[in-house]
1. Which ordering of 85, 45 is given by a fewest-first count of other beta-carbon atoms within 10 Å?
2. First check a/c for region 40-134, with a ≥ b ≥ c the square roots of the eigenvalues of its C-alpha gyration tensor; if it is under 1.5, answer rounded, and if not, answer prolate when a/b is larger than b/c or oblate otherwise.
3. Roughly what % antiparallel, to the nearest 5, for the DSSP beta bridges in region 39-138?
4. Fewest to most neighbouring Cβ within 10 Å: what's the order for 76, 110, 66?
């Protein structure tokens, strides 16, 4: 064995320990990063819970992008096949087609409310709507 070979093994061991420490730090940082979940996915998840009627769930504030159109049919599956209608109390959206289409007319952020009526006939998604405004539809 040549002089100094023992030291190169020790340097390799130190490099491995440092690399593992750096990897551990990076994983902790990356583990704290979450990607935002959009309105559509969150509304579907809440509809699955609310479709049994009389339940109101408020979704977190989410961004809405201008030009986006949502239809009640797109959410019907999550609502167990029930019709889904929209309400909008914000200036950046319009509801058309007998309340079954929501059009985002300009960019904006808002929370939303999801509820289904106690009769199990319809579900409602309200953008920026107070729960008191949904009490008639949702039999609260």
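1. Numbers: 85 20, 45 15.
Ascending Cβ contact count within 10 Å gives the list 45, 85.
2. Values: a/c = 1.70, a/b = 1.47, b/c = 1.15.
Prolate is the answer for region 40-134, as a/c is 1.5 or above and a/b outweighs b/c.
3. Working: 19 of 25 bridges.
Bridges in region 39-138 are about 75 percent antiparallel.
4. 66, 76, 110
Read-outs throughout are calculated quantities, based only on the coordinates presented, and are distinct from any laboratory measurement. Model, not experiment: these values are computed from the prediction. Don't worry about glycine lacking a Cβ; one is built from the backbone with ideal geometry, like all the others, and counts go over all protein chains shown.
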